[in-house]
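Asks: Can you read through this structure? Questions will come right after.
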Amino acid sequence: MKIGNRMRLQGTETLHQGWSRLTRGTFDYQRSDGSWQVVSRDVFDCGHGATALPYDAKRRKVILVRQFRYAAYTAGYDQSLIETPAGLLDDASPEQRIRTETEEETGYRISSVEKVFEAFMSPGAVSQKIHCYVAAYTPQDRVSDGGGLAEEGEDIEVLELDFDEAYAMIGDGRIQDGKTIMLLQYAAINLFSGPARANQVV
Ligand SMILES: Nc1nc2c(ncn2[C@@H]2O[C@H](COP(=O)(O)OP(=O)(O)O[C@H]3O[C@H](CO)[C@@H](O)[C@H](O)[C@@H]3O)[C@@H](O)[C@H]2O)c(=O)[nH]1
Ligand SMILES: [Mg+2]
């Protein structure tokens, strides 16, 4: 349902403009009971992103990456975070971006990618939408060591894991990244069959 006339923007102010942008919007919002309320919200914007879960259904493997994430560190996560390869779109299309990023980060050149969903990961405060893909790969698709771009501060470890182990890592807390959990659950339902599905909450 469209918000339509229930939201009237009064204005926005820029609180920070750098690599990212922090803005504050103030608007009149018509509540469900018909009354009007003035609301202010801060929004963090660093552009949209794309991510992919590379999977080898025959060998029952997936590829994930591990890297230090300062934002998670400030929230008390004192380990490197395990994630699906991902990148900001910059000016590229999501599909083009995820191919390039997957190769840079994992060293695998994926040929077929399948879009599975788009998701706002933190819509209360972050404007970013992530375009999520799955991508079949084989060992022959490896073209380099991956690892990301050192000149951009990236230092990425590539993990090829048994799918069942990766799936179990959600339950025991070794995987705590939202997009990664969503894509592994998608894979359990749609790409792999067997033990991992037993844990699936439906
Ligand atoms: N100058 C500057 N550059 C930054 C900053 N933060 C990150 N960068 C640069 O921005 C690039 C981000 O790397 P990508 O691989 O493109 O993105 P990502 O950090 O993996 O982010 C992806 O995952 C995020 C978390 O899951 C997603 O939020 C994001 O959309 C994207 O999908 C890196 O080159 C990094 O150096 C900053 O504060 N300042
Ligand atoms: Mg990345």
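Asks: Can you tell me which of 103, 165 is at negative phi and within 16 Å of ligand 1 (Cβ to nearest atom)? I'd like the intermediate steps shown before the answer.
Replies: Details: 165 fails: within 16 Å of ligand 1 (Cβ to nearest atom).
Testing whether each residue is at negative phi and within 16 Å of ligand 1 (Cβ to nearest atom) leaves just 103.
Asks: With respect to residue 71, is the statement that it is in contact (Cβ under 8 Å) with a residue 60 or more places away in the chain and either of a type in the set (Gly, Ala, Ser) or outside the structural domain of residue 169 (by TED's automatic domain parsing) (or both) true?
Replies: Numbers: in contact (Cβ under 8 Å) with a residue 60 or more places away in the chain: no; either of a type in the set (Gly, Ala, Ser) or outside the structural domain of residue 169 (by TED's automatic domain parsing) (or both): yes.
No: the conditions fail for residue 71.
Conditions tested, residue by residue: (1) over 16 Å from the mean Cα position of the chain (by Cα); (2) within 16 Å of ligand 2 (Cβ to nearest atom).
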residue	(1), (2)
69	no, yes
78	yes, no
85	no, yes
111	yes, no
115	no, no
119	no, no
142	yes, no
148	yes, yes
162	yes, no
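Asks: Does the range 69-93 hold any residues that are within 10 Å of ligand 1 (Cβ to nearest atom) and part of a helix (DSSP H, G or I), and which are they? Steps first, please.
Replies: The initial filter retains those residues of the range 69-93 that are within 10 Å of ligand 1 (Cβ to nearest atom), namely 69-72, 81, 83-90.
70, 71, 72 - these are the residues of the range 69-93 that are within 10 Å of ligand 1 (Cβ to nearest atom) and part of a helix (DSSP H, G or I).
Asks: Scan the range 170-202 for residues that are at pLDDT 95 or above and of a type outside the set (Phe, Trp, Tyr) and report the count.
Replies: Residues flagged as at pLDDT 95 or above and of a type outside the set (Phe, Trp, Tyr) within the range 170-202 amount to 21.
Asks: Right, something else. Any idea which residue in the range 37-66 is nearest to ligand 1 (Cβ to nearest atom), counting only those that are polar (S, T, N, Q) and more than 14 Å from the chain's Cα centre (by Cα)? I'd like the intermediate steps shown before the answer.
Replies: Going residue by residue through the range 37-66, those that are polar (S, T, N, Q) are 37, 40, 51.
Subset that is more than 14 Å from the chain's Cα centre (by Cα): 37, 40.
On the way: 37: 31, 40: 24 Å.
Filtering first and then ranking leaves 40.
The values are calculated or read from the model by the stated rules, or taken from the named source; none is laboratory data. Model, not experiment: these values are computed from the prediction. Counting neighbours? That spans all protein chains shown, and the Cβs are built from the backbone with ideal geometry, glycine included.
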